Amino acid sequence: MTDDASTSAALASPARRRVLDAVRGATEPPTAQQLAGELDLHVTTVRFHLDQLEQLHLVERTAGRTGRRGRPSVHYRAATLGPDAARDQMIQALAEALAASGAAGRRESTAAGRRWADALPLPDGGAHVAVAEAFERLGFDPQVSGDQIRLRACPFRDAASRHPEVVCQVHSGLAERIVEQVAGDAVDVRLAPFVEPGLCILTLAPKGGLHAA
């Protein structure tokens, strides 16, 4: 399982996300006991979730000062973000903002994908080859099979799983614009997100063919 997939799976637990949000929102690093009281959870449950979050490098331990002898209390704070984590949080924030805009946000997401395509070097070959090459460079691990391009990885999986109406629309717009650049309006594009865990499918068909399917 990839790091993105592991993080997505770990944060699928509502209780774990509440613990993480509480740590991130605290003005001072809390203890497990303090979090348990705030969230109305058993302290053992909170410690379990903190251990999982620590393994994913989302939180880290810090020693508290008690002013007394003995072992210092263990507090938790949000882990210092590396460039990848900071990027992921920014993508998540942008996705949430666009998702809140409803249909307008979906249109803007598609337009963003089309602008993204314009900024990429135009691949050689027909529509399927051009789209597959572009998505390969971006880390989607595409596999061409007939009219379909199977996207077996997603570098934006966490944000896409929470807001497919935004992130997947960006990817759809990206594919649509690449197809336009190499085939004009002769080919239709349809993206089916998460047909299986970790798999999205792009279908490219002659104009009107997708509507008949």
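Close contacts from the range 37-56, counting a first residue that is closer than 23 Å to THR80 by Cβ and a second that is of a type in the set (Lys, Arg), with Cβ to Cβ under 6 Å and a gap of 6+ residues or different chains, come to HIS49/ARG16.
With respect to VAL129, determine if the residue is aliphatic (A, V, I, L, M), modelled with pLDDT of 95 or more and either assigned to a loop (DSSP other than H, G, I, E, B) or at negative phi (or both).
On the way: aliphatic (A, V, I, L, M): yes; modelled with pLDDT of 95 or more: no; either assigned to a loop (DSSP other than H, G, I, E, B) or at negative phi (or both): yes.
The answer is no for VAL129.
Screening the range 139-213 for helices (runs of 4 or more DSSP H) wholly inside it with 2 or more residues that are over 29 Å from ALA97 (Cβ atoms) and free of Cβ contacts under 8 Å to residues at least 60 places away in the same chain returns the ranges 209-212.
Residue by residue, here is whether (1) within 19 Å of ARG190 (Cβ to Cβ); (2) assigned by TED's automatic domain parsing to the domain that holds VAL182; (3) of a type in the set (Asp, Glu); (4) touching a Gly at 6+ places or on another chain (Cβ under 9 Å) holds:
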site: GLN55; (1), (2), (3), (4): no, no, no, no
site: HIS75; (1), (2), (3), (4): no, no, no, yes
site: ALA117; (1), (2), (3), (4): yes, yes, no, yes
site: LEU122; (1), (2), (3), (4): no, yes, no, no
site: ALA134; (1), (2), (3), (4): yes, yes, no, no
site: ILE149; (1), (2), (3), (4): yes, yes, no, no
site: PRO155; (1), (2), (3), (4): no, yes, no, yes
site: SER161; (1), (2), (3), (4): no, yes, no, no
site: GLU165; (1), (2), (3), (4): yes, yes, yes, yes
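Just one of the listed residues (ARG114, ARG106, ARG190) is farther than 22 Å from LEU11 by Cβ, under 18 Å from the mean Cα position of the chain (by Cα) and crowded, with 16+ Cβ neighbours inside 10 Å, namely ARG106. Going through (1) buried (at least 17 other Cβ atoms within 10 Å of the Cβ); (2) at pLDDT below 90; (3) over 21 Å from the mean Cα position of the chain (by Cα) one by one, ARG69 falls short only on (1).
The values are calculated or read from the model by the stated rules, or taken from the named source; none is laboratory data. Remember, predicted model here, so these are calculated numbers, not experimental data. Positions of Cβ are backbone-derived with ideal geometry, glycine not excepted, and every protein chain shown enters the neighbour counts.
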